[in-house]
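Presented below is the structure to which this report refers.
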């Protein structure tokens, strides 16, 4: 029995594409990838040490992605399914016909003719999906690293370590430099950071750390990655109407 496991990575990132991996295995050979675990519970070193084994012991795998323009047009929910369909197509275009496709999550992939089932937390239960989660995560992380190393504009956001997700260093990069062409500008965390960017530019200060301390240091714990966002979201200082919250 031929089985495809599918998982995505990067849905909640505020930078770069959403990516998906599809892995094809013969169920009788499932033991060859039994070491696969959900990528989220593995360290970066563990994922990197396992990825070669995953690639070598599956029949085939494919990567698919949806870019920031597609995410802006379709929204992230439909974009992740687009990435999944593209990953599966990388396998089926080679002539493989799966008997079943297992999707991580509670929704099946729309517009797919093959038999499929959606399993919540399949990335921690089903070896083919676990392998897909590892390959997807490592591949996307490597893309983030390459972008930061090769294009100066992207080095401002520390994406090699945060993989494009919202954290304090990413926030500081946007506060100082604004958006790049690979930011998902419609995401709420992006809007939050850009609101701070506009305030920072108006301040005429040169240090983001000094500006944050001056503006908010006596109000919140600036060492907490989420503190300023939560403060903003509750509307205690930055008004909801300024960025469309109302």
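The values are calculated or read from the model by the stated rules, or taken from the named source; none is laboratory data. These numbers were taken from a predicted model, which means no experiment stands behind them. Cβ: placed from backbone, ideal geometry, glycine included. Neighbour counts: every protein chain shown.
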- Here the residues within the range 68-99 that are under 17 Å from residue 190 (Cβ atoms) and surrounded by 15 or more Cβ atoms within 10 Å (Cβ to Cβ) are 68, 70, 71, 76, 79
- Query: Can you spot a residue in the range 86-96 that is at pLDDT below 95, part of a loop (DSSP other than H, G, I, E, B) and either farther than 12 Å from residue 131 by Cα or over 14 Å from the mean Cα position of the chain (by Cα) (or both)?
  - Reply: no
- Test: residue 164 is assigned to a helix (DSSP H, G or I), at pLDDT 95 or above and buried (at least 18 other Cβ atoms within 10 Å of the Cβ): no
- Given the conditions (1) within 21 Å of the chain's Cα centre (by Cα); (2) part of a helix (DSSP H, G or I), and given that residue 202 satisfies all but one, which numbered condition is not satisfied? (1)
- Of the residues in the range 100-132 that are in contact with a strand residue (DSSP E or B) (Cβ under 6 Å, 6 or more places away or on another chain) and in a helix (DSSP H, G or I), the one that is surrounded by the most Cβ atoms within 10 Å (Cβ to Cβ) is 132
- Message: I need a count of the residues in the range 5-14 that are crowded, with 24+ Cβ neighbours inside 10 Å and out of contact with any helix residue (DSSP H, G or I) (no Cβ under 6 Å at 6 or more places or on another chain).
- Response: 1
- Query: For the range 140-167, how many residues are more than 11 Å from the chain's Cα centre (by Cα) and touching a residue at least 40 places away in the same chain (Cβ under 8 Å)?
  - Reply: 5
- Query: With respect to residue 135, is the statement that it is surrounded by 15 or more Cβ atoms within 10 Å (Cβ to Cβ), within 23 Å of the chain's Cα centre (by Cα) and modelled with pLDDT of 95 or more true?
  - Reply: no
- Message: Given the options 176, 219, 152, name the one that is outside the structural domain of residue 14 (by TED's automatic domain parsing), more than 30 Å from residue 62 (Cβ to Cβ) and at pLDDT below 95.
- Response: 219
- Message: Of the conditions (1) in a helix (DSSP H, G or I); (2) modelled with pLDDT under 90; (3) in contact with a helix residue (DSSP H, G or I) (Cβ under 9 Å, 6 or more places away or on another chain); (4) surrounded by fewer than 18 Cβ atoms within 10 Å (Cβ to Cβ), residue 224 satisfies every one except a single condition; which number is it?
- Response: (1)
